[in-house]
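Beneath this line is the structure, given in structure tokens, with notes to follow.
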């Protein structure tokens, strides 16, 4: 009987200690979406992914950031075929960011971009930083 009591006590201590050591669940589920294509179809797919995340998890329960660099930067320009959808996504709470390195290389300024688009120093670093923070990485 003492052996059974000792095993149950050890099991209880192990289980409660294990639960206490687990990291807290994040308040929001976060996704970073990489887009490097100068292709409206790819951009529409990325924007649909962002919209679906917000629909399925709830906008209040999710964070979505789309990071564009390389040829993908062209779709962030004012005359882009997806400029209207980008603005709609931003209004819905999706953060859209452009790579500063790509902007310098392509001689693009903030004034050339869809209003509301943010600029980060380096798109690749932004994606890596988000992943280190626990964000899920998506590449449509």
State the extension gain, in nm to one decimal, for the chain segment bounded by residue 88 and residue 39, taking 0.36 nm per residue of separation less the distance between their alpha-carbons.
-> 15.8 nm
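First measure r as the distance between the Cβ atoms of residue 129 and residue 79, then evaluate 1/(1 + (r/R0)^6) with R0 = 25 Å and state the FRET efficiency to the nearest 0.05.
That gives a FRET efficiency of 0.25.
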Could you run the Debye sum over the Cα atoms of region 28-138, one equal point scatterer each and no solvent, and tell me log10 of I(q)/I(0) at q = 0.11, 0.19, 0.22 Å⁻¹, two decimals?
-> -0.30, -0.91, -1.21
The FRET efficiency for residue 106 and residue 138, from their Cβ-Cβ distance with R0 = 22 Å and rounded to 0.05, is 0.35
Fewest-first sequence of 65, 90 by Cβ atoms within 10 Å of each Cβ = 90, 65
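Values quoted throughout were computed directly from the atomic coordinates according to the rules given, and no laboratory measurement underlies them. Nothing here was measured: the structure is a model prediction, and the numbers come from that model. Using ideal geometry, Cβ is built from the backbone for each residue, glycine included, and neighbour counts are taken over all protein chains shown.
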